[in-house]
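Please read the structure below before turning to the comments.
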Amino acid sequence: MFKIFNNERRKVTLYSVIIMSLTSVHHAYGAAIYNTPWRLHVLFLSMPGIIITLIINRLLNNKPFSHKSYALRVYWIITLLAPILLIGIFEGIYNHILKNILFFSGFAANIMQRLFPSGTYEMPDNLFFEITGMLQGILAIPLTTHFIKLTQLINKQKI
């Protein structure tokens with residue numbers, strides 16, 4: 001059972017690190033092309049998130065941890081909050097996938113403005129920025145799937 005747990009945890013770690021790295025590149029690029037240095041705030045979440053995720057992943061590699069382990073709890077919370085909820089669902093799915101679907105479907109400008117106010121959001125005009133933004137949401141799908149499996153293993157087997 002511990003091998004299955006480690007396998008799922010490695011997949012969660014891989015997708016988490018990829019999503020947080022991708023969002024770092026995406027926001028640094030967006031800050032540069034749109035002259036919006038405030039977009040760099042995401043680096044204060046993604047970079048520590050990457051480091052902490054990798055450190056805890058390594059700790060969890062060394063020996064079995066119980067479901068009560070603080071390291072496992074921190075790992076679980078960071079994964080849920082940063083790459084899944086904030087980056088994957090909000091940033092990737094809402095900010096980019098939904099925005100692109102609505103924009104290219106021809107939604108009225110006033111509705112788009114209410115959902116995605118200018119100053120905070122940019123309407124699609126840069127392919128690299130939009131693709132990297134949408135990838136965050138797309139990659140959140142396998143991450144969430146493996147995260148759910150990992151959570152079930154933790155709860156079921158009391159790892």
Margin query: Every residue in region 143-155 that is in contact (Cβ under 8 Å) with a residue 40 or more places away in the chain and surrounded by 14 or more Cβ atoms within 10 Å (Cβ to Cβ), please.
Written below: L143, T144, H146, F147, K149, L150, T151, L153, I154
Check: Within region 117-140, which residues are of a type in the set (A, V, I, L, M, F, W, C) and either over 21 Å from I84 (Cβ atoms) or in contact (Cβ under 8 Å) with a residue 40 or more places away in the chain (or both)?
Finding: M123, L127, F128, F129, M134, L135, I138, L139, A140
Margin query: If L45 meets every condition in (1) within 17 Å of the chain's Cα centre (by Cα); (2) exposed (fewer than 15 other Cβ atoms within 10 Å of the Cβ); (3) modelled with pLDDT under 95 apart from one, which number is that one?
Written below: (2)
Notebook entry, point to check: Name the residues in region 68-87 that are farther than 15 Å from V12 by Cβ and modelled with pLDDT of 95 or more, would you?
Noted result: L86
Margin query: Here are the criteria: (1) surrounded by fewer than 12 Cβ atoms within 10 Å (Cβ to Cβ); (2) modelled with pLDDT under 90. Tell me which single one F65 does not satisfy.
Written below: (1)
Note to self: Anything in region 87-103 that is surrounded by fewer than 19 Cβ atoms within 10 Å (Cβ to Cβ) and under 18 Å from F44 (Cβ atoms)? List them, or say none.
What the structure shows: F90
Item checked: helices (runs of 4 or more DSSP H) fully within region 75-159 counting 1 or more residues that are under 17 Å from the mean Cα position of the chain (by Cα) and closer than 25 Å to A31 by Cα -> 127-157
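The values are calculated or read from the model by the stated rules, or taken from the named source; none is laboratory data. All values derive from a computational prediction rather than experimental measurement. Cβ coordinates were reconstructed from backbone atoms using ideal geometry, including for glycine residues, and neighbour counts include every protein chain displayed.
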